[in-house]
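To start, the structure itself, in structure tokens.
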Amino acid sequence: VAGLVLVMAMTAAAQQKKPMTLGTATIGGAYYPVGQAMATVINKYVPYISITPEVTNGAGENPRLVGEGNTDFGITNANIAFFAFNGQKPYKKKIDNLTAIGNLHPSVFQIVALKKSNIKSIADLKGKRVAVGPAGGGTIFILQSIFAEYGMTMNDIKANYLPYTDGFTQLGDGNLDAAVALGGYPMAAVMEISTTQDVKLLILPDEQMKSIVKKYPYYTKIVVPRDVYKQEADIPCIGINNLFFTKKSMDEKLVYQITKALYDHLDELGAANATAKQIDRKSLAQTPIPLHPGAKRYFDEKK
């Protein structure tokens, strides 16, 4: 009888967990597996909630989903969080009920072509068929910034708005000339094609890199080591921090507990997901939008 009562109590406790959602991105990028690892760690240390990562169109869509209350938490790029909060393009109005919980891993913008192709530089993408990521993803804004350095726009390529996995599959099949991805490295979609095909990552030259980083301070230079994708040299790429965020009305005590659960256990998070190992512990609270009071309380205690 005692055993039955214990089982019933445990079942009741499980049923009482509050279901919550975390907006990530499409399968094949970095956000979804990072989101899975985050949910596992948070659910372990905040036992009265159950966060489930959701597949979304990615960084561009997640601020809208959280702002409108369709998801509880989200992951996005630092620049996109800034645009959404301040109502800058592509957002038509401010989503100023967003608040930051803290920074995550940096994302790296990777432009990939097959090694056998005649594409040797970013300028060579003109007129080519390029998988640019999903329509609501974070790749478009960075690609536009890069193209501007070459006097190009999105109209200069044949853009295919596809999830990363589909885009790189199409590249491998010869239906596309190049594909882009934004995420931590190594990225699953890029790794998958590099196991069956010789690929090359296009390098952003130093002059263009310096110009972009000067114009857009939320971008940075990140070097992908040559051995990650079996390249002949290290690859300098545009990098940008990612942000874990929620809305202002989220309960302060809950956000404090979630922040503590995640950032007190970064080693555990990194063991569950290789991309999470790249999180910079020194800049967790240096966010492009205001911190949620619950998160601020956590970081203030750490000072």
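Within the chain, what is the longest stretch that has no GluC sites (Glu not before Pro) placed in a DSSP loop and near at most 11 other beta-carbon atoms within 10 Å? With GluC sites (Glu not before Pro) excluded where exposed in loops, the chain gives 69-231 as its longest stretch.
Calculated on C-alpha atoms, the gyration radius of region 51-103 divided by its Kirkwood radius gives an Rg/Rh of 0.92. For region 96-130, applying the loop criterion from DSSP together with a ceiling of 15 other beta carbons within 10 Å to the trypsin sites (Lys or Arg not before Pro) yields K115, K116, K120, K126. Just the protein heavy atoms count here, and of the accessible area of region 43-97 at 1.4 Å, carbon and sulfur take up 49 percent.
Rounded to the nearest 20, the size of the Cβ-charge dipole of the chain about its Cα centre is 600 debye, with Lys and Arg at +1 and Asp and Glu at -1. Surface composition of region 215-266: carbon and sulfur atoms hold 49% of the protein heavy-atom accessible area at a 1.4 Å probe. At an R0 of 51 angstrom, the distance between the Cβ atoms of D96 and D227 translates into a FRET efficiency of 0.70. Length gained on full extension, I27 to K116: 29.3 nm, using 0.36 nm per residue less the C-alpha separation.
In terms of distances greater than 18 angstrom between alpha carbons, the cross-link table entries K277/K303; K94/K215; K17/K44; K126/K230; K92/K214 yield K277/K303; K94/K215; K126/K230; K92/K214. Potential lengthening of the chain between K302 and N175 amounts to 40.6 nm, from the contour at 0.36 nm per residue minus the alpha-carbon distance. A straight chain from A135 to K277 at 0.36 nm per residue would run longer than the Cα-Cα distance by 48.3 nm. Panel values: region 73-188, Kirkwood radius from alpha carbon pairs, Stokes-Einstein at 10 °C and 1.306 mPa s, translational diffusion coefficient 104 µm²/s.
For region 109-224, the solvent-accessible area of protein heavy atoms averages 45 Å² per residue (probe radius 1.4 Å; ligands and nucleic acids excluded). In the chain, helical runs assigned H by DSSP with n ≥ 4 each contribute -39500 (n - 2.57); averaged across all residues and rounded to the nearest 500, the mean residue ellipticity at 222 nm is -10500 deg cm²/dmol.
Amide H contacts for I157 (H built 1.01 Å from N in the peptide plane; partners 5 or more residues away or on another chain; cut-off under 5 Å): G127. Over region 170-303, the alpha carbon radius of gyration divided by the compact-protein estimate 2.2 N^0.38 Å works out to 1.31.
For region 121-212, the fraction of 1.4 Å probe accessible surface lying on carbon and sulfur atoms is 47 percent. Each principal axis of the chain carries a Cα extent, and these read 72, 42, 33 Å when sorted largest first. A 1.4 Å probe run over the protein chains yields, for region 233-303, 47 Å² of accessible area per residue, whole-number rounding.
The values are calculated or read from the model by the stated rules, or taken from the named source; none is laboratory data. The structure displayed is predicted, hence computed values, not measured ones. So basically every Cβ, Gly included, is an ideal-geometry build from the backbone, and we count neighbours across all protein chains shown. Accessible surface is based on the protein model in full, side chains and every heavy atom, while ligands, DNA and RNA are left aside. Shrake-Rupley method; radii C 1.70, N 1.55, O 1.52, S 1.80 Å.
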